[in-house]
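For reference, the structure is listed below as structure tokens.
The values are calculated or read from the model by the stated rules, or taken from the named source; none is laboratory data. Predicted, not measured: the structure shown is a model, and the values here were computed from it. Counting neighbours? That spans all protein chains shown, and the Cβs are built from the backbone with ideal geometry, glycine included.
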Amino acid sequence: MATKDGRPRKRRRIGSSIASGVVGGRAPRGGGRAPSQRVGGFTAGVGDVILASDCTGLNTVALALASQGINAMDQWASDIDAKVRRVLSANFNVGQIFNDIMDRDDTMLPTPIDLYVAGPPCQSFSASGLNGGVSDRRGMVFLRVLKCIAHVKPTAFMIENVPGLKCDP
């Protein structure tokens, strides 16, 4: 992939410029360093998005933001799958990785958060699933996501799921 001026884009580990004072991998307009704020273990500059996620999967939101030149600073992530947590640890600069949202104490979560993203299991709400809704253990994860949002109070949040989520039986 090339930049707008045709030069090859450098491949970099997501989050590698977090503490360097650059915005989206490049210096801010007008030269010098971007104004910054110390948040948790990160230094957030202008244009950075402080991200947190549950049921994170492969952290595609951080990848999408990076593809648009936005530095996503992962404060925390969680996923129940140990293999996914290893991928997150090896490929992203995540402040804290939790095993399971259902067992986590939200009072220990660092704030503020600009964008909270969650992709709770869909089987309980899917037309292809058992339609157990929130009475199914997997469906309860959605309620736990709502509880996290209420506690953390992110600037914005995004929940990815299936259309059946809108009409719990």
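Residue under question is Pro121, and the condition is that it be crowded, with 18+ Cβ neighbours inside 10 Å and at pLDDT below 90; does it hold? The answer is yes for Pro121. One residue alone among Met158, Met140, Met73 is farther than 11 Å from Ala52 by Cα, in contact with a helix residue (DSSP H, G or I) (Cβ under 8 Å, 6 or more places away or on another chain) and not in a loop (DSSP other than H, G, I, E, B), and that residue is Met140. Does the stretch 134-150 contain any residue that is among the β-branched types (Val, Ile, Thr), closer than 14 Å to Thr60 by Cα and touching a strand residue (DSSP E or B) at 6+ places or on another chain (Cβ under 8 Å)? No.
Residue-wise test of (1) touching a helix residue (DSSP H, G or I) at 6+ places or on another chain (Cβ under 6 Å); (2) under 27 Å from Asn71 (Cβ atoms); (3) of a type in the set (D, E, K, R); (4) part of a loop (DSSP other than H, G, I, E, B).
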position: Val94; (1), (2), (3), (4): yes, yes, no, yes
position: Ile97; (1), (2), (3), (4): yes, yes, no, no
position: Thr107; (1), (2), (3), (4): no, no, no, no
position: Pro110; (1), (2), (3), (4): no, yes, no, yes
position: Ile113; (1), (2), (3), (4): yes, yes, no, yes
position: Pro120; (1), (2), (3), (4): yes, yes, no, yes
position: Ser124; (1), (2), (3), (4): yes, no, no, yes
position: Val134; (1), (2), (3), (4): yes, no, no, no
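When Val94, Val87 are checked against the criterion of being surrounded by 17 or more Cβ atoms within 10 Å (Cβ to Cβ) and out of contact with any Cys (no Cβ under 7 Å at 6 or more places or on another chain), Val94 stands alone in meeting it.
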